[in-house]
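> Okay, here's the structure, questions in a sec.
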Amino acid sequence: ENEKTEMHDSKEDPRMFQKGRPEYRSLSYDKFELTETLPLEEGDSILHSVAVREGSQSPGTVTDSFRKLSCLPVEQHAALVSEPRFNALCRCAVKNIRLFSTSDLIDILKACVRLVVPPAHPLLNACENEFCRRVWDMDLEQLLLVADCWRCLERSVPSYLSILFSYANVRWKDLTLPQFVQLVYIIGEGRRSPADLMQKVESMILKYLDSFTLEEVGAICLGLFKSLSGISDHVMRKIADRVSLQMEDMSTYALVNVLKMLRYTRMDHLPLLKELGKVIPARIPTVNIQGIMHITLTCSSLHYFDEGIMAAVAMSLPSKVTYCRSKDAAKFLWSFGCLDYEPPNEEEFYSSLIEQMHRKLHEFRKFPEHLLTGLLGLAFVNRFPEELIDYALRDEFVQKTRGSKYELRKDLFTLSKSVEIECPGYQGSRLPPQLYQEITEMVLNFAEQEIYVRPEIVEAASLLESMLGGPEYVKNHMILPHTRSSDLEVHLAMDGRPVPFNLKDPIADKKLRDIGVSLTNELMTQLIKGRSHSQSPVEVENEARTPGQERGEEARTPLVEDHAALSGGALIAGARLQVEPKSECCLEAPATLTLDRRPQGVKLAIQVSNRNHYCYCSKRLLGLHCLKRRQLRQLGYVVVELPFWEWFPLLKRTRLEKLSYLHYKVFDPAL
């Protein structure tokens with residue numbers, strides 16, 4: 001029963017919609033069509049006749065021979081195709097290819113499908129060329145049937161499809177509903193999206209949307225997904241509207257195809273997602289592993305957390321795990337890590353998937369991205385399987401990632417740096433320093449152009465500078481570049497005074513006095529109303545400076561949790577980033593994260609978060625950002641959050657309100 005459930009036929013499953021209407025019989029090849037089996041003796045007689053009269057048979061006789069021979073018992077087909085007399089029949093057909101009527105030529109092609117003729121067979125080459133020549137003299141039913149036969153033969157025919165799409169573009173208004181659905185299926189199986197057709201595809205979807213069967217809706221979505229066809233939010237929302245109302249009546253296969261397109265278009269359709277949470281958990285035990293993977297991946301890709309769905313997946317997966325491809329195992333780990341969900345059976349769940357990753361290690365040589373996907377998902381939830389990590393960080397594997405169609409350097413960077421911080425006892429492979437430098441430079445370049453300049457971050461940094469006494473008290477940078485998001489770093493002394501540390505010139509570091517700012521009522525008034533242009537930041541700081549403050553070096557901080565009182569503490573040996581020295585021409589890596597054990601103050605890592613850091617419509621932090629905060633704390637930082645639901649509305653409020661809020665966050669006594 002398990003084997004039957006897990007069977008996935010990538011050729012036949014996408015064609016299930018064709019059983020829903022009799023019209024598809026003329027548009028597609030039906031492998032279940034009843035035919036009378038030809039006796040072996042009669043087959044041998046036909047082949048004998050071919051050998052005797054080679055080259056002199058009429059096109060009609062040749063066609064009839066193909067039809068009859070294709071009705072031989074299935075177990076005889078392989079032997080027939082390699083039979084010299086059958087090849088003589090094929091040569092005769094190739095020689096007279098232009099003499100066949102179109103219907104006879106289609107019958108020969110259908111016979112080739114039944115006989116499973118190899119895709120590169122010379123007869124098929126001749127048939128493809130002839131069909132390309134005849135396209136404009138054929139009707140749409142014939143064209144779609146021929147395209148379907150090519151799919152069944154698993155033969156790539158880009159030239160034929162290109163002409164078919166041009167034909168459909170010209171005769172678009174004549175398409176019936178079944179012809180349209182079959183065309184979208186062919187577009188998907190051909191893995192190419194004809195740009196000039198896509199606007200018409202959208203209009204046709206809207207025209208027929210209420211008339212499609214639910215299986216046809218799934219087929220439309222699968223065709224669009226496979227061909228990477230863009231679709232407008234309006235049309236996708238209309239499809240999702242219908243599915244959310246009829247999900248109970250939809251097959252899981254068709255539903256999964258809709259979810260694929262929902263994921264591809266990044267459509268946050270809450271009614272559909274909520275209905276999914278009601279309908280799908282009970283079905284999970286009967287869904288094959290690839291279907292479950294796509295359901296799970298849709299939730300994580302849309303950052304949508306539904307505990308009912310995730311728990312059902314987790315409970316079903318251990319018994320099915322051996323059916324996972326490397327891709328499936330990786331996507332499960334990524335999805336659970338991304339949503340930061342550890343299920344009730346977490347040990348069984350994670351150990352079964354890690355074991356499967358070991359079993360599929362040979363597949364990662366061809367698909368290195370899957371190994372990194374799975375390991376990052378595990379890292380998000382603080383799990384680090386050392387043997388797999390050692391394999392992923394070896395030079396040999398790193399070289400394989402360079403040949404991937406994906407940019408994997410950042411994933412390697414995130415994994416390797418996370419291991420340095422969180423696995424002090426790790427003795428395995430590490431990335432070479434040169435690669436660290438290269439990726440750090442790439443990440444910081446991106447951050448300078450895209451992250452540091454975001455309005456909500458710039459506003460927070462500017463106000464903090466005003467509040468604390470100048471730019472030397474705040475640093476807008478990535479403390480951990482491998483986590484790919486920025487921090488506003490602030491240092492406080494043991495008595496709560498801000499400490500200057502963001503010094504551009506290393507020499508100035510020794511000259512600058514430690515002149516922290518005490519926020520008096522007078523200073524707050526100045527900050528809100530603005531200071532005169534004649535005063536420098538240092539002069540304002542001097543006005544606010546309390547007597548007796550002494551010059552001091554930059555304060556360092558012990559390992560401190562958000563909720564902990566300030567106290568000394570030893571850092572776990574090795575739990576730090578080793579920043580390699582950089583040449584002058586390269587971007588600087590972040591200041592060293594090695595911590596002093598003396599209780600001299602606290603370092604704040606202020607997070608200006610946005611919606612993309614959290615699950616959809618919730619305050620549940622995503623896995624990557626959980627990892628970042630965990631590592632910041634491990635390195636001695638106190639994480640201070642400016643959550644988007646508090647900070648973004650404040651951006652429209654007065655300067656006083658924003659400063660008041662930041663003052664509360666930075667000088668919270670709990671820190």
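> Which residues, counting only those in segment 618-671, are open to solvent by 40 Å² or more (accessible area, probe 1.4 Å), in contact with a helix residue (DSSP H, G or I) (Cβ under 9 Å, 6 or more places away or on another chain) and of a type in the set (Ser, Thr, Tyr)?
Thr654, Ser660, listed by residue number.
> Same structure again: State which residue pairs qualify: first residue surrounded by 14 or more Cβ atoms within 10 Å (Cβ to Cβ) and inside segment 15-37, second residue aromatic (Phe, Trp, Tyr) in any location, beta carbons under 7 Å apart, and separation of 6 or more residues or different chains.
Met16/Tyr253; Gln18/Tyr24
> Please specify each residue of segment 158-180 satisfying the condition of being among the small types (Gly, Ala, Ser) and over 32 Å from the mean Cα position of the chain (by Cα).
Scanning segment 158-180 gives Ser166, Ala168.
> Within segment 392-406, track down each residue that is part of a helix (DSSP H, G or I) and among the basic types (Lys, Arg).
Residues satisfying the conditions are Lys400, Arg402.
> Looking for whichever is open to solvent by less than 70 Å² (accessible area, probe 1.4 Å) and under 19 Å from Leu361 (Cβ atoms) here; the options are Arg394, Arg383. Which one fits?
None of the other options fit; the residue is Arg383.
> Then there's this: Would you list the helices (runs of 4 or more DSSP H) that sit entirely within segment 408-505 and hold 1 or more residues that are over 30 Å from Arg383 (Cβ atoms) and acidic (Asp, Glu)?
455-468
> If Ala330 passes every condition in (1) open to solvent by less than 20 Å² (accessible area, probe 1.4 Å); (2) assigned to a loop (DSSP other than H, G, I, E, B) but one, which one does it miss?
Here Ala330 clears every test but (2).
> Next up: Can you tell me how many residues in segment 428-453 are closer than 20 Å to Leu371 by Cβ and more than 23 Å from the chain's Cα centre (by Cα)?
7
> Then there is this: Determine whether segment 617-629 contains at least one residue that is polar (S, T, N, Q), modelled with pLDDT of 95 or more and either under 23 Å from Asp268 (Cβ atoms) or part of a strand (DSSP E or B) (or both).
no
> Conditions: (1) closer than 23 Å to Leu302 by Cα; (2) under 22 Å from the mean Cα position of the chain (by Cα). Glu346 meets all but one. Number of the miss?
Of everything listed in (1) closer than 23 Å to Leu302 by Cα; (2) under 22 Å from the mean Cα position of the chain (by Cα), Glu346 misses just condition (2).
> Write out, first by first residue and then by second, each pair whose Cβ atoms fall under 9 Å of each other, whose residues are 6+ apart or on separate chains, and whose first residue, in segment 452-467, is open to solvent by 60 Å² or more (accessible area, probe 1.4 Å) while the second is small (Gly, Ala, Ser).
Arg454/Ser486
> Out of all the residues in segment 197-213, which are under 17 Å from Ser244 (Cβ atoms) and in contact with a Phe, Trp or Tyr (Cβ under 6 Å, 6 or more places away or on another chain)?
Residues satisfying the conditions do not exist here.
> Which of the residues spanning segment 243-252 are surrounded by fewer than 17 Cβ atoms within 10 Å (Cβ to Cβ) and of a type outside the set (Ser, Thr, Tyr)?
Passing the criteria: Leu245, Gln246, Glu248, Asp249.
> Among (1) polar (S, T, N, Q); (2) farther than 26 Å from Ser352 by Cα; (3) without any contact (Cβ under 8 Å) to a residue 40 or more places away in the chain, there is one condition Thr440 misses while meeting the rest; what is its number?
Of everything listed in (1) polar (S, T, N, Q); (2) farther than 26 Å from Ser352 by Cα; (3) without any contact (Cβ under 8 Å) to a residue 40 or more places away in the chain, Thr440 misses just condition (3).
> What pairs come out if I take residues in segment 652-671 that are free of Cβ contacts under 8 Å to residues at least 40 places away in the same chain and pair them with residues that are assigned to a helix (DSSP H, G or I) and open to solvent by 60 Å² or more (accessible area, probe 1.4 Å) whose C-beta lies under 8 Å away, six or more apart or interchain?
These pairs meet every condition: Tyr661/Glu646.
> Another question, if that's okay. From the list Leu255, Leu270, Leu276, Leu259, exactly one residue is closer than 14 Å to His303 by Cα and surrounded by 19 or more Cβ atoms within 10 Å (Cβ to Cβ). Which is it?
Leu259
> Check every one of the helices (runs of 4 or more DSSP H) wholly within segment 1-73 and list those with 3 or more residues that are over 35 Å from the mean Cα position of the chain (by Cα) and at pLDDT 90 or above.
Output list reads 59-69.
> Against the condition in contact with a Leu (Cβ under 6 Å, 6 or more places away or on another chain), buried (at least 18 other Cβ atoms within 10 Å of the Cβ) and either charged (D, E, K, R) or closer than 12 Å to Arg155 by Cβ (or both), how does Cys112 come out, does it pass?
When the stated conditions are applied, Cys112 does not pass them.
> Can you report the number of residues in segment 134-193 which are open to solvent by less than 20 Å² (accessible area, probe 1.4 Å) and outside any helix (DSSP H, G or I)?
Adding up the residues that qualify gives 4.
The values are calculated or read from the model by the stated rules, or taken from the named source; none is laboratory data. Everything numeric here is computed off the predicted structure, so don't read it as measured data. In this analysis, Cβ positions are derived from the backbone assuming ideal geometry, glycine residues included, and neighbour counts consider all displayed protein chains. We work out accessible area using only protein heavy atoms, side chains counted, and drop any ligands, DNA or RNA first. Shrake-Rupley method; radii C 1.70, N 1.55, O 1.52, S 1.80 Å.
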